[in-house]
Amino acid sequence: MSIKVKTTPTTRRLMKNINYIKNTLNLPQEDFADAIRLMKFTIGAWLEGRAFPSPQQLKRISDAYKVSID
């Protein structure tokens with residue numbers, strides 16, 4: 001049984017941007033997660049829309065990958 005979560009345009013854009021970073025840098029999910037000190041299942045939950053990063057986690061992504069969080 002899968003849980004369906006309603007996503008918004010903002011959350012879909014966030015998922016797309018995280019995927020873009022991972023794919024552009026050719027990073028497995030685990031390496032992406034390690035760089036921001038999280039577990040890979042957390043990233044998976046974000047990409048599936050089951051969870052969303054906190055402001056602190058967004059800051060870690062910004063710092064680790066030199067991207068804007070605006």
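Remark: pairs (first residue in the stretch 1-12, farther than 12 Å from residue 52 by Cβ and modelled with pLDDT under 70; second residue in a loop (DSSP other than H, G, I, E, B) and open to solvent by 90 Å² or more (accessible area, probe 1.4 Å); Cβ separation under 8 Å; 6+ apart in sequence or on different chains) = 3/50. The number of residues in the stretch 1-55 that are open to solvent by less than 100 Å² (accessible area, probe 1.4 Å), of a type outside the set (A, V, I, L, M), over 19 Å from residue 69 (Cβ atoms) and in a loop (DSSP other than H, G, I, E, B) comes to 2.
With respect to the stated conditions, residue 65 fails to be out of contact with any Lys or Arg (no Cβ under 9 Å at 6 or more places or on another chain), open to solvent by 50 Å² or more (accessible area, probe 1.4 Å) and of a type in the set (Phe, Trp, Tyr).
Checked against the criteria, residue 59 counts as assigned to a helix (DSSP H, G or I) and either at pLDDT 90 or above or open to solvent by 90 Å² or more (accessible area, probe 1.4 Å) (or both).
The values are calculated or read from the model by the stated rules, or taken from the named source; none is laboratory data. What you see is a predicted model, and the numbers here were worked out from it, not measured in a lab. Note that each Cβ is placed from the backbone with ideal geometry, even for glycine, and that neighbours are counted across all protein chains shown. The protein model used for the area step is the full one, side chains on, heavy atoms only, and it has no ligands, DNA or RNA in it. Shrake-Rupley method; radii C 1.70, N 1.55, O 1.52, S 1.80 Å.
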